[in-house]
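Notes to accompany the following structure.
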Amino acid sequence: MNKNPYEVLGVARDASEADIKKAYHKLVLKYHPDKNPGDKNAEEKFKEVNNAFDILKDPQKRAAYDRFGDAAFAGGNASGANPFGAGGNPFGNGAFHFNMGGGAGMEDILREAMRGFGFDGFGSGSSRGENRRSGRDLLDEVVIDLKDAYFGKKHTVKFSSEVKCDKCNGLGTADGKEAPICSRCGGTGYVHTSRGFFAVETPCPDCNGLGHKIEKKCSQCDGTGTIHKTRTLEVNIPAGVEDGTRLRLAGQGEAGQNGAPAGDFYLDVRIRPDKVFERQGTDLILKLDVPFTTLALGGEIEISTIDDKKLSVKVPAGTQIGEKLRVRGHGMPGRRAGNFGDLYIDINMKVPTKLTEKQKKLLNEFASIKSEKRGWF
Ligand SMILES: [Zn+2]
Ligand SMILES: [Zn+2]
């Protein structure tokens with residue numbers, strides 16, 4: 001069992017990448033074998049620190065750890081016990097450098113430590129797994145009306161991206177079968193070479209780091225396992241969606257090369273301001289002009305709700321401008337199904353400007369009759 005990587009590095013669960021790097025650099029200097037010759041305890045700590053950093057520096061591994069804990073890395077490559085199911089770990093061959101049951105060699109750790117310092121002087125700078133590039137995430141944006149946000153909406157996105165080659169099923173081989181394991185590297189995708197003091201690893205030149213040697217490439221994808229294709233995705237925008245929501249469609253991004261995992265597809269939802277309704281959380285505000293006589297005498301007004309229903313609302317006598325009348329349950333859908341916010345009618349009034357002679361006469365008459373004690377108000 002590996003120790004909790006957050007505890008090992010002494011960082012919070014939500015620590016930033018920069019904080020993690022900082023903590024790692026501090027500890028790796030402290031426990032570096034050069035500084036602690038012959039100290040088994042320091043060597044152990046040094047390995048732990050590197051193990052922890054190996055997980056936390058990689059957003060995918062970090063997410064996997066956050067979700068599954070140590071189980072995400074149990075057994076390394078070959079285990080059927082990992083939560084990602086068949087096909088081994090989702091990060092490509094040999095990515096679990098320091099988590100294979102203590103099998104990591106000291107030179108691996110040193111190499112990784114040097115890399116942690118931005119010292120990438122070995123070989124071409126490419127490392128294991130890079131040739132099995134995961135698919136990129138894709139991001140799109142859609143602007144919808146408030147009414148669409150009320151009802152929810154099916155949104156169709158059309159775009160082109162890398163997808164798994166259907167001729168070889170992503171394997172890159174002409175016969176569509178998995179290529180034999182590379183004999184030079186034994187399927188690990190890397191070979192050991194000596195660079196002076198260090199024994200370093202470089203991508204296997206026979207298989208380009210894939211671990212499999214493709215003798216005859218698939219003619220459709222030229223051995224990469226992916227092809228460029230126009231795709232359509234149907235995204236369900238849920239009812240009640242809020243402005244700025246980012247929806248995620250796992251695994252619907254670009255296909256990974258040579259069997260590496262696909263990226264995700266993200267859709268940012270923006271909501272166009274509505275001309276009639278103003279949204280406040282799940283509540284809606286409707287600013288409405290009501291005749292002066294209705295406000296004074298009381299009465300009923302008819303309104304249209306966001307879902308286009310006609311509704312009759314009672315206005316109490318003596319309602320003032322700026323008062324808000326609540327109509328329960330006619331706001332936006334809440335997070336729980338069947339829950340709705342409220343609609344508030346924000347009372348406003350327009351002073352009439354085009355009066356007929358008769359109206360003028362009546363208003364004049366009204367103005368002349370004042371309540372004996374209090375005037376009009
Ligand atoms: Zn090889
Ligand atoms: Zn192919």
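No value in this document is a laboratory result; all are computed from the given coordinates. Since this is a predicted model, take the numbers as computed values, not measurements. We place every Cβ from the backbone using ideal geometry, glycine too, and count neighbours over all the protein chains shown.
Estimated from the Cβ-Cβ distance and a Förster radius of 35 angstrom, the FRET efficiency linking Met349 and Glu141 is about 0.30. The number of Lys pairs in segment 13-65 with C-alpha atoms less than 22 Å apart, excluding pairs fewer than 8 positions apart on the same chain, is 28. Here each label is just a point 7 Å from Cα along the line to Cβ, and for Lys154 and Ala337 those points are 1.8 nm apart. Extension gain for the segment Lys324 to Asp14, taken as residue separation times 0.36 nm less the Cα-Cα distance, is 107.4 nm to one decimal.
By the rule of a C-alpha distance below 24 Å, with chain neighbours fewer than 8 residues away ignored, the lysines paired with Lys229 are Lys154, Lys158, Lys164, Lys167, Lys177, Lys216, Lys217. Straight-line reach from Lys314: which lysines fall under 30 Å, measuring Cα to Cα and dropping same-chain residues less than 8 apart? Counting by Cα, and skipping residues close in sequence, Lys314 has these lysines nearby: Lys147, Lys275, Lys287, Lys324, Lys350, Lys354, Lys358, Lys360, Lys361, Lys370, Lys373.
Computed on segment 138-271, with alpha-carbon pairs under 8 angstrom and 6+ residues apart, the relative contact order is 37 percent.
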